[in-house]
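First the structure, in the form of structure tokens, and then the observations on it.
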Amino acid sequence: MAPTAVSRRDVFRSIATTEYLDWPAYDSTPLYDQSSLTALTEDFRTVSGIWFEHSAHNSVERFVCQYPLSYVEFNSHDQYCGPTRYKMSQLFRAFLVKEIHAWDHETALVEYLRQHSETRRSLGFDSVPDQSTLWRSWNKRFSADLRETVERTARTLLINAQNAGVAVPRDPEPKLQYHNDESGPTDLDDQTVLEEAAKISDHVSRVVFPSFSLNRGEGCEIHENAYWDLQTYLGLRENLAANEGARSFIYESTRSRTPLGHAHRDQIRDLSIEEIREMYRQAVKRLLDEVAETEQFFRAGIVAIDITEAEPFTGDRTGHEDEIIGTKEKTDE
């Protein structure tokens, strides 16, 4: 069956009535705006996760053609100035089609559009674009971030379709994973553990850091991610205070400029509890979305919950709400 107005309405009604789903992502948090490519990828993940569960939706290509893109602002990712023949949204869809089929060259996309006039019209093309135009659009007009977004989004669509039992044009490539090549248990010293943790934290930082913001002004000499790198560095080591850790971080970091301990503390302290909670929530969501794209996520597993037992704060909180990050009531909850 082909998507209908009723089936599309069913999908977006389901999203709107599901508490943990937000669409569009930029409308649910100040961390994103309509030009955010991270938000765009999350939106495709959210909608496609519900879309392919509908009995009327059995084509990845049709989803690409029908996903609503009118709210997305591509201007900041358009490297061209002046009038152009094709809109960025048209090209974005076209390159998604190319990516879900894993075609290496634009020639294959051109030939496909010649043979499939319905797809061509659904993408908004009155005629088939020539190969050179598509090549320039991808390599010259699209920013590097937008090209990466196309690739990530295509992979997300393939995984969600595959998980729902929908036939896909190709199998999505496996995600980068860190494995120990040696079989059997291995005793690791502290330095080896830190080196392995550094590999993982480096990968995780690419997923998590976009969720966090220090709300600094423009023109700052030290990159904001250096603060989050230092925070991660401190968290991976025991009994290391900010000042001492910042001094050690200078030598272990590959950055040319890193924050001092007091500057790091000042920046973190300026964040409100509400801001930290919102950013943390977004970071956890991004991590879950990342791991959801792996086959292992859908296997049975063991979850360990670490409970820290400490005396809870039970005094008068009036006037101290901003100082108390977490509290526990004397209940069984």
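The values are calculated or read from the model by the stated rules, or taken from the named source; none is laboratory data. Everything quoted here is computed from the prediction, not taken from an experiment. Here Cβ is always computed from backbone atoms with ideal geometry, including for glycine, and neighbour counts include all displayed protein chains. The protein model used for the area step is the full one, side chains on, heavy atoms only, and it has no ligands, DNA or RNA in it. Shrake-Rupley method; radii C 1.70, N 1.55, O 1.52, S 1.80 Å.
For the structure I just gave you, tell me whether residue 176 is at pLDDT 90 or above and either within 20 Å of the chain's Cα centre (by Cα) or over 13 Å from residue 96 (Cβ atoms) (or both).
Numbers: at pLDDT 90 or above: no; either within 20 Å of the chain's Cα centre (by Cα) or over 13 Å from residue 96 (Cβ atoms) (or both): yes.
So residue 176 does not fit the description; no.
Condition check ((1) at pLDDT 80 or above; (2) not small (Gly, Ala, Ser)) across all residues:
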{"site": "220", "(1), (2)": "no, yes"}
{"site": "224", "(1), (2)": "yes, yes"}
{"site": "229", "(1), (2)": "yes, yes"}
{"site": "310", "(1), (2)": "no, no"}
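Please determine whether any residue of the stretch 12-19 is among the small types (Gly, Ala, Ser) and either over 19 Å from the mean Cα position of the chain (by Cα) or open to solvent by 50 Å² or more (accessible area, probe 1.4 Å) (or both). Working first, answer last.
Of all residues in the stretch 12-19, those among the small types (Gly, Ala, Ser) come to 14, 16.
Within this subset, residues satisfying the condition of being either over 19 Å from the mean Cα position of the chain (by Cα) or open to solvent by 50 Å² or more (accessible area, probe 1.4 Å) (or both) are 14, 16.
Looking through the stretch 12-19, at least one residue is among the small types (Gly, Ala, Ser) and either over 19 Å from the mean Cα position of the chain (by Cα) or open to solvent by 50 Å² or more (accessible area, probe 1.4 Å) (or both).
Here is a check on your reading of the model: is residue 299 at pLDDT 70 or above and open to solvent by 70 Å² or more (accessible area, probe 1.4 Å)? Let's see the steps before the verdict.
On the way: at pLDDT 70 or above: no; open to solvent by 70 Å² or more (accessible area, probe 1.4 Å): yes.
For residue 299, the condition - at pLDDT 70 or above and open to solvent by 70 Å² or more (accessible area, probe 1.4 Å) - is not met.
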What number goes with the only condition from (1) exposed (fewer than 12 other Cβ atoms within 10 Å of the Cβ); (2) polar (S, T, N, Q); (3) under 29 Å from the mean Cα position of the chain (by Cα) that residue 122 does not pass? (1)
Out of 146, 109, which single residue is crowded, with 21+ Cβ neighbours inside 10 Å and within 19 Å of residue 62 (Cα to Cα)? 109
For the stretch 24-59 the number of residues that are in contact with a helix residue (DSSP H, G or I) (Cβ under 6 Å, 6 or more places away or on another chain), open to solvent by 30 Å² or more (accessible area, probe 1.4 Å) and in a helix (DSSP H, G or I) is 4
Could you tell me whether the stretch 129-136 includes any residue that is within 25 Å of residue 35 (Cβ to Cβ) and among the β-branched types (Val, Ile, Thr)? yes
Return yes or no: is residue 205 modelled with pLDDT of 90 or more and in a helix (DSSP H, G or I)? no
Does residue 170 fit the bill of being modelled with pLDDT of 85 or more, over 24 Å from residue 249 (Cβ atoms), not in a helix (DSSP H, G or I) and not hydrophobic (A, V, I, L, M, F, W, C)? yes
Hey, residue 77 at negative phi and in contact with a strand residue (DSSP E or B) (Cβ under 9 Å, 6 or more places away or on another chain) or not: yes
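Considering the stretch 62-82 alone, what residues qualify as being open to solvent by 30 Å² or more (accessible area, probe 1.4 Å) and either of a type in the set (D, E, K, R) or within 19 Å of residue 146 (Cβ to Cβ) (or both)?
Our first condition is that a residue be open to solvent by 30 Å² or more (accessible area, probe 1.4 Å); within the stretch 62-82, this holds for 62, 66, 68, 70-71, 73, 75-76, 78-82.
Passing the criteria: 62, 68, 70, 71, 73, 75, 76, 78, 79, 80, 81, 82.
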